[in-house]
Amino acid sequence: MSEPAIVVRDLTRVFGRFRAVDAVTFDVRRGEVFGFLGSNGAGKSTTIRMLCGLLRPTSGQAVVDGVDVGRDPEAVKPRIGYMSQRFSLYELLTVEQNIDFYGGLYRLSGERLRARRQFALEMAGLVGRERELTRNLSGGWRQRLALGCALLHEPAILFLDEPTGGVDPVSRRDFWRLIDDLSRGGTTVLVTTHYLDEAERCDRVAIIHAGRLAALGTTRELKARFETRPILEVRSSDPVAVMSRLDRDPRVESTSLFGTAVHVVLRQRGDGAAAVREALERDGLPIDAITPVVPSLEDVFLDVVDDLDRQVPA
Amino acid sequence: MRRALAVAIKEMRQIRRDRRTLLILIFVPTFFLFLYGYALNFDIRHVRLAIDDRDGSAESRALVADFQRSSYFDVVAGVTSPAEVDHVLDANAARVVLVIPADYARDRRAGRPAEVQVLIDGDNANTATTVLGYVNGVLRAASNGVAAGARIVGVEPRIWYNPELRSTVFLVPGLVAFISMITAVVSTALSIVREKETGTMEQVRMAPISTVAFVTGKTLPYLVLSQIGASIIMAAAIVLFGLPMRGDWLSLSIFVGVFLAGALGTGLLVSTIANTQQVAFQAAALIALMPTVLLGVHLPDFEHARRAGALRHAARARAVLPRGAARHRAEGPRRDDVVGAAGAPAPTRWW
């Protein structure tokens, strides 16, 4: 395989005394859908802004499509596409006028502009609605139009910053189909999200927490951390009492609330389920069901974040 | 520059559909034009005048009649004592008191300089200086009847550019600057801050367009529109208010352009500080109004001061000692004690 699309080494950005991004290192392969998972304020957007040449790294290096971003931030811009959760379109322009404007920014003209305009319209499903005001489009259409505008100049790498915010589930699913198509066509996609189901669709996921890279791998690799530590799901009418009881149990590593159920991470394999049931019954706590569950990415996320917080006390 | 052009085209298309910007660019200038052209007027008419005629002669009555005829003054009261003079001014019953001394007619008939005293309420300095101008005008006219030999230097004042001293003639051209300032600063600031608010600014910054090209593309449409706006105001001033054009259009347009470029720059400056359209609007409006408020296009102090000054010099040329013109009386510091002269001059303080 050719050189990676993105190479990041010890990338750091400091705002005053706040380390927004702290020595992050990773590679993104060409044609890969690379997920950036983290809570709000974890440093996802700051990282993307550095990779796009909008923000200068305090230290470390980022090479995007062969361009050292810290050294030549302008050179990276023609090579990348960017779309944010705000679907930055001009509401007072028509669909076509928006496309023409972004095409103009990337110096498309003549035949190429016509071809790319057609591509964007088809991708967004807006053929025949070119003269509609963007203001009147609903979320899903806008999102796809914004994506089309970000792809007009056929960038090698596409950055998506929480691209599905405020969009209905059907549009979200359609949108991810488009992402998969792009990836198959060879475009590298780096997408930030805090939706775990979206992260599951990525080839590889980086979990970022408090500016640090907490874990990186395919979802399968990430879930492997639970191989020796089974997870039980306890359903009870009093989940809070269950959690506080089990947190004191030496066999239990951690507990967390998933909706109305409690996920319990055990320290080792064995007959954990029976032991947990016995412990809860001894204290007279109500139990509806105890079942072993396959770890979800959410389990991984919480576990990784816990690990990191334990390493670096806040 | 093709990219700057793309931005400019986009901006024009946006403005066309943007009611708020259109409102600022069209409604505000129209509003101010009509307000200033038709409603606002700094010309002073019907000044309340009180007369203290101690002479009671045909000559003194003729002088009073001169004041009445001038249309600037309305004779509202006759007074007979210094106490009454104080009272009518204090009670604001009159703004001006004309005191004609008992030997007025005698002096005039003898061809000697006759003296009168004029007391002007100076609580509004602008009005006072304007009124002083009117008083001097009337007195000068009255003096012209006197034998030419009595006059040392003859004065024939001509006011250039605005011979009738119509306030519209200097207010409306000032409007060109005032309105252009507001529309240019506000609309530029708003247009850029709006891009910040909607996030399109970030999107554009991700594209390979230089800051210079972006800013050029953003401001060019507003420069063109503001220039058109300024031309419309000037055309309206000529058609509606009969403003005479003294000078050439080309240099006026060029300097309006230079002025607008400065205003647009100010708008850009505001947009770098403001993050919401509300803040941008307030800041831009405040900054745009500042020179007007501070330098007084609204209340043209300088204009009056200069005019009053010119009259003082004219008076000096006639050997009138101008010492009373701006001196406050000890017992009434808010009034100007003005001594004018009818006939050949030799003013003295009266009490």
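What follows is calculated from the coordinates using simple rules that are stated; it is not laboratory data. Quick caveat: nothing in here was measured; it's all calculated off a predicted structure. Glycine gets a Cβ as well: all are built from the backbone with ideal geometry, and neighbour counts include every protein chain shown.
Could you pull out every one of the lysines with an alpha carbon less than 30 Å from that of B:Lys196, ignoring same-chain neighbours closer than 8 positions?
Result set, ordered by chain and number: A:Lys44, A:Lys77, B:Lys10, B:Lys218.
In whole Hz, with x marking every Gly and Pro, tabulate ³J(HN,Hα) for the range A:20-37 from phi via Karplus 6.51 cos²θ - 1.76 cosθ + 1.60, θ = phi - 60°.
5, 10, 10, 6, 8, 9, 6, 10, 10, 7, 5, x, 8, 9, 10, x, 10, 10
Please give the FRET efficiency for A:Val127 paired with B:Phe31, using the beta carbon to beta carbon distance and R0 = 41 Å, rounded to the nearest 0.05.
0.35
Shielding by partners for A:74-85, please: the mean number of other protein chain Cβ atoms within 10 Å of each residue's Cβ.
Counting other chains' Cβ atoms within 10 Å and averaging over A:74-85 gives 3.
Can you give the FRET efficiency to the nearest 0.05 for B:Gln68 and B:Arg246, using r as the Cβ-Cβ distance and R₀ = 35 Å?
That gives a FRET efficiency of 0.50.
What number, in nm² with one decimal, is the all-direction average of the projected area of the convex hull of the alpha-carbon atoms of the range A:230-302?
That works out to 4.3 nm².
Which shape class, rounded, prolate or oblate, goes with the range A:1-40 when its Cα gyration tensor gives a ≥ b ≥ c as root eigenvalues, a/c under 1.5 marks rounded, and past that a/b bigger than b/c marks prolate?
Since a/c reaches 1.5 but b/c is at least a/b, the shape of the range A:1-40 is classed as oblate.
Could you give the nm distance between label points at B:Arg2 and A:Phe18, where each point is 7 Å from its Cα heading toward the beta carbon?
Simple spin-label model gives 4.1 nm for this pair.
Which Cα, out of A:Leu121, B:Ala142, A:Ser59, lies furthest along the positive dipole direction of the protein assembly as shown (beta carbon charges, K/R +1, D/E -1)?
Going by the charge dipole, the pick is B:Ala142.
I'd like the distance separating the alpha-carbon centroids of the range A:157-231 and the range B:179-219, in whole Å.
Answer, in whole Å: 34.
Tell me, A:Ile208, B:Ile273 in order of fewest to most beta-carbon neighbours within 10 Å?
B:Ile273, A:Ile208
Using the Karplus curve 6.51 cos²θ - 1.76 cosθ + 1.60 with θ = phi - 60°, what ³J(HN,Hα) values do you get for each residue of the range A:183-194, in whole Hz, with x for Gly and Pro?
Working through the residues one at a time gives 4, 5, x, x, 6, 7, 10, 10, 10, 9, 7, 10 Hz.
With a cut-off of at most 13 other beta carbons within 10 Å, and DSSP calling the residue loop, which trypsin sites (Lys or Arg not before Pro) in the range A:206-297 qualify? Please list them.
The qualifying sites are A:Arg248, A:Arg269.
Would you order B:Leu132, A:Leu54 from fewest to most other beta-carbon atoms within 10 Å of each residue's own beta-carbon?
Going from least to most buried by this count: A:Leu54, B:Leu132.
Label-point separation (nm) for A:Ala241 and A:Ser256, each offset 7 Å from Cα along Cα-to-Cβ?
For A:Ala241 paired with A:Ser256, the spin-label model returns 2.6 nm.
Once the Cα atoms of the protein assembly as shown are picked out, what are the Rg and Dmax in Å?
40.8, 136
Tell me, what HN-Hα J-couplings in whole Hz come from the Karplus equation 6.51 cos²θ - 1.76 cosθ + 1.60 at θ = phi - 60° for each residue of the range A:116-126, using x for Gly and Pro?
6, 4, 4, 4, 5, 5, 5, 4, 7, x, 10
For the range B:54-210, with equal point scatterers placed on the C-alpha atoms only and solvent neglected, what are the log10 I(q)/I(0) values from the Debye formula at q = 0.20 1/Å, to two decimals?
Treating every Cα as an identical point scatterer, log10 I(q)/I(0) equals -1.32.
Report the extension gain between A:Glu200 and A:Arg107 in nm, rounded to one decimal, defined as 0.36 nm multiplied by the number of residues separating them, less their alpha carbon distance.
29.8 nm
What do you get for Rg/Rh over the range A:123-240 if you use C-alpha atoms and the Kirkwood form of Rh?
1.08
In debye to the nearest 20, how big a dipole does the range A:41-126 give about its Cα centre with +1 on each Lys and Arg Cβ and -1 on each Asp and Glu Cβ?
That gives a dipole near 160 debye.
Would you mind classifying the range A:80-158 by shape? Square roots of the alpha carbon gyration tensor eigenvalues, ordered a ≥ b ≥ c; an a/c under 1.5 is rounded, otherwise it is prolate if a/b is larger than b/c and oblate if not.
Oblate shape, in that a/c is at least 1.5 and b/c is the bigger or equal ratio.
Need one value for A:156-167: mean number of C-beta atoms belonging to other chains within 10 Å of its residues' C-beta atoms.
Rounded to a whole number, the mean comes out at 0.
Using alpha carbons only, how many degrees (0 to 90, rounded to 10) separate the axis of helix A:297-311 from the longest principal axis of chain A?
In chain A, helix A:297-311 runs at an angle near 80 degrees to the longest axis.
State the answer as a single residue: which of A:Leu37, A:Ser109, A:His194 lies farthest towards the positive end of the charge dipole of chain A, with beta carbon charges of +1 for Lys and Arg and -1 for Asp and Glu, about the Cα centre.
A:Ser109
Is any residue of the range A:278-314 close enough, with backbone N under 19 Å, to a label point placed 7 angstrom from the Cα of A:Glu227 along the Cα-Cβ axis, and if so, which?
What the label zone holds, given the 19 Å backbone N cut-off, is A:293-297, A:299-301, A:303-304.
In a solvent-free Debye calculation with one equal scatterer on each Cα, what is log10 I(q)/I(0) for the range A:1-117 at q = 0.11, 0.18, 0.20, 0.22 Å⁻¹, listed in the order of the q values?
Treating every Cα as an identical point scatterer, log10 I(q)/I(0) equals -0.46, -1.02, -1.14, -1.23.
Long-range amide H contacts for A:Gly38: which residues qualify at under 5 Å (H placed 1.01 Å from N, peptide plane, sequence gap of 5 or more or a different chain)?
Counting only residues 5 or more places away or on other chains, the set is A:Thr193, A:Ile208.
Quick one: if the Förster radius is 30 Å, what FRET efficiency do A:Val294 and A:Thr25 give, using the C-beta to C-beta distance and rounding to 0.05?
0.50
When a footprinting reagent is the concern and you count Cβ atoms within 10 Å, what order do B:Phe73, B:Phe31 take, fewest first?
Listing B:Phe73, B:Phe31 from fewest to most nearby Cβ atoms yields B:Phe31, B:Phe73.
About its Cα centre, what dipole magnitude does the protein assembly as shown give when the only charges are +1 on Lys and Arg Cβ and -1 on Asp and Glu Cβ, stated in debye to the nearest 20?
Taking the Cα centre of the protein assembly as shown as origin, the dipole is about 2220 debye.
Can you pull a Stokes-Einstein diffusion coefficient for the range A:33-82 at 10 °C (1.306 mPa s), Rh from Kirkwood over Cα pairs, as a whole number of µm²/s?
Calculated translational D: 139 µm²/s.
Assuming a ≥ b ≥ c are the square roots of the Cα gyration tensor eigenvalues, decide whether the range B:1-114 counts as rounded (a/c under 1.5), prolate (otherwise, with a/b larger than b/c) or oblate.
In terms of gyration-tensor shape, prolate.
Return the loop-located trypsin sites (Lys or Arg not before Pro) in the range A:123-211 (DSSP other than H, G, I, E, B) with at most 15 other Cβ atoms within 10 Å of their own Cβ; answer none if there are none.
A:Arg131
Bins of 10 Å, beginning at zero and ending with the bin holding the largest distance: percent of Cα pairs per bin for chain A, please.
Per 10 Å bin, starting at zero, the Cα-Cα P(r) for chain A comes out as 6, 23, 27, 21, 13, 7, 2, 0 percent.
For chain A, with only Lys/Arg (+1) and Asp/Glu (-1) charged at the beta-carbon, what is the dipole magnitude about the Cα centre, in debye rounded to 20?
With only Lys, Arg, Asp and Glu charged at Cβ, the dipole is about 800 debye.
Ignore the peptide's own chain and count Cβ atoms of other chains within 10 Å of each Cβ in B:195-203; give me the average, rounded.
5
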